[in-house]
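Here's the structure, in structure tokens; my notes come after.
The values are calculated or read from the model by the stated rules, or taken from the named source; none is laboratory data. Fair warning: this is a prediction, and the values are worked out from it, not measured in the lab. Methodologically, a virtual Cβ is constructed for each residue, glycine included, from the backbone with ideal geometry; neighbour enumeration extends over all protein chains shown. Note: areas computed on protein heavy atoms with side chains; ligands, DNA, RNA excluded. Shrake-Rupley method; radii C 1.70, N 1.55, O 1.52, S 1.80 Å.
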Amino acid sequence: NRTLRRMLAPVTVVLTATGHGGLTFPPPRNNYHNINPANFTPPDKSSGARYHSGGPCAGSECLWFSEGCYHGCPTCSLQMPAAGNYYGTPSCDNPDPTPTLPEWARTWNIGNPSLKGDWTKFHPWRSPGHNPVGDPCGIAGGYMQARGGGGETPDGAHQGDRGSKLPPLPGVHTQWTAGAVEQVGWMVGANHGGGYLYSVCPKSEALTEECLQQHPLSFVGNNHTVKYLDGRPDLRIPARDVSEGTFPPNSTWRINPIPACNCDQGFDCGGVNSTGNDGAQRSYRADPPPVPTGFPCPTGTQFPVPFDYGYGQQIWDLVPPRAGSAADVWVITDQVHAPSSPGEYVLRWRWDVEQNPQIWTHCADITVTAP
């Protein structure tokens, strides 16, 4: 794959802040100007750019998501909850307080040791696929009004634009073979836990959530392959899948393998007696930090670390060359079965997170040819 080889070519990495997460392989429509994710040059601030060129926010793609999405609510509010993203209450009158996800598949506040109890029960990952989205391919900025801290307006868009209206990337032609095993991948910037699903919608149909729900793709194998954008060898790690309590019914979602630090906030955890940030910095346990140490998690992580430096919350802050081997220059790739029928499709990556009432949805274009 010529495009993939170009993305993985070694580069000199110097970067500034980014966040959230984004579809990497194949390149999504949300990546404005199809910026190479391996291009970590600093932003041209004179042009108004906020983030470095590549990584999980290549082309500002990490800023396409839906905010205020709660289980049982018919729509996403696209507004910051009054009490914030962690502990805010649902934006509708009759939310569903019963999560569908089995407890073993949780990624945050596992066993509810938080002082706030089960504060994620309405959040997307607790009922994978059941929560609404603002748009099948994301909302520009996530919120209807731009805000700092990850709710800024993406390059080339207006706040609140719908990702499903974005055109295909010029000059990008991703070709799959019908029924074959193909590679997809995404990057973590600000880790919010949860899990994800890939699906497609034929271009002969309207690009809607309902169309994508009718065509989920199945994962192949029981492993992720971690691909480094700085030329290091690939690394294979175990994957965990869940099909119980998911939507579409019996669809298989893959659990985000990267743990955050073990407090509600996921970073700057201050020990088991901390009251910082309304209790969000109180550690669940007094575990030792991961070794080798990259992102600072002095009291441990939400669950075991799958590979060296593969943990943390605001991972985008691990900037090369300062962060060395811990730098956020890796892609979580998986294999999926391509659609069995040749044709033109929109491929969608949906990341339902557990820490916040947010959902990331990015869309790419694929051509499926006969074997």
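Could you tell me how many of the residues in the stretch 320-350 are at pLDDT 95 or above, among the charged types (D, E, K, R) and either in contact with a Gly (Cβ under 8 Å, 6 or more places away or on another chain) or buried (at least 19 other Cβ atoms within 10 Å of the Cβ) (or both)?
The number of residues fulfilling the criteria is 3.
Hey, does the stretch 158-165 have a residue that's touching a residue at least 24 places away in the same chain (Cβ under 8 Å) and crowded, with 18+ Cβ neighbours inside 10 Å?
Checking the stretch 158-165: at least one residue is touching a residue at least 24 places away in the same chain (Cβ under 8 Å) and crowded, with 18+ Cβ neighbours inside 10 Å.
Output the number of residues of the stretch 243-266 satisfying the condition of being more than 14 Å from F303 (Cβ to Cβ) and either of a type in the set (V, I, T) or surrounded by 23 or more Cβ atoms within 10 Å (Cβ to Cβ) (or both). Show your work before the answer.
Let us first name the residues in the stretch 243-266 that are more than 14 Å from F303 (Cβ to Cβ), namely 243-254, 264-265.
When the remaining residues are screened for being either of a type in the set (V, I, T) or surrounded by 23 or more Cβ atoms within 10 Å (Cβ to Cβ) (or both), the result is 246, 252-253, 264.
Number of matching residues: 4.
Please find, within the stretch 17-76, the residue that is nearest to the chain's Cα centre (by Cα) out of those that are assigned to a loop (DSSP other than H, G, I, E, B), at pLDDT below 95 and among the hydroxyl-bearing types (S, T, Y).
By that ranking, first place goes to T18.
Taking the conditions exactly as written (open to solvent by 10 Å² or more (accessible area, probe 1.4 Å), closer than 30 Å to V272 by Cα and modelled with pLDDT under 95), does Q302 satisfy them or not?
When the stated conditions are applied, Q302 does not pass them.
List the pairs whose first member sits in the stretch 307-325 and is more than 18 Å from Q281 (Cβ to Cβ), whose second member is crowded, with 18+ Cβ neighbours inside 10 Å and of a type in the set (S, T, Y), and whose Cβ atoms are under 7 Å apart, counting only residues at least 6 apart or on separate chains?
Matching pairs, first to second residue: W316/T18; S325/Y309.
Filter the stretch 280-291 for residues that are open to solvent by 40 Å² or more (accessible area, probe 1.4 Å) and of a type outside the set (A, V, I, L, M) and give the result.
Q281, R282, R285, D287, P288, P289, listed by residue number.
Does any residue in the stretch 97-122 that is among the polar types (S, T, N, Q) come within less than 6 Å, Cβ to Cβ, of a residue that is surrounded by fewer than 20 Cβ atoms within 10 Å (Cβ to Cβ) and assigned to a loop (DSSP other than H, G, I, E, B) six or more places away or on a different chain, and which pairs are these?
Taking only residues 6 or more apart or on different chains, the pairs are T100/G245; N112/D118.
Only one residue in P304, P288, P298 is assigned to a loop (DSSP other than H, G, I, E, B) and under 20 Å from the mean Cα position of the chain (by Cα). Which one?
So the residue among P304, P288, P298 that is assigned to a loop (DSSP other than H, G, I, E, B) and under 20 Å from the mean Cα position of the chain (by Cα) is P304.
May I ask you to verify whether D317 is closer than 18 Å to N191 by Cβ, under 19 Å from the mean Cα position of the chain (by Cα) and open to solvent by 60 Å² or more (accessible area, probe 1.4 Å)? Spell out how you get there, then give the answer.
Values: closer than 18 Å to N191 by Cβ: yes; under 19 Å from the mean Cα position of the chain (by Cα): yes; open to solvent by 60 Å² or more (accessible area, probe 1.4 Å): yes.
Judged against the criteria, D317 is a match.
Going residue by residue through the stretch 84-96, is there one that turns out to be open to solvent by less than 20 Å² (accessible area, probe 1.4 Å) and within 26 Å of N250 (Cα to Cα)?
Within the stretch 84-96, none of the residues are open to solvent by less than 20 Å² (accessible area, probe 1.4 Å) and within 26 Å of N250 (Cα to Cα).
Mind listing whichever residues of the stretch 335-371 are among the acidic types (D, E) and touching a Phe, Trp or Tyr at 6+ places or on another chain (Cβ under 6 Å)? Walk me through it before giving the result.
Going residue by residue through the stretch 335-371, those that are among the acidic types (D, E) are 344, 352, 354, 365.
Once the filter is applied, which keeps residues that are among the acidic types (D, E) and touching a Phe, Trp or Tyr at 6+ places or on another chain (Cβ under 6 Å), the stretch 335-371 yields D352, E354.
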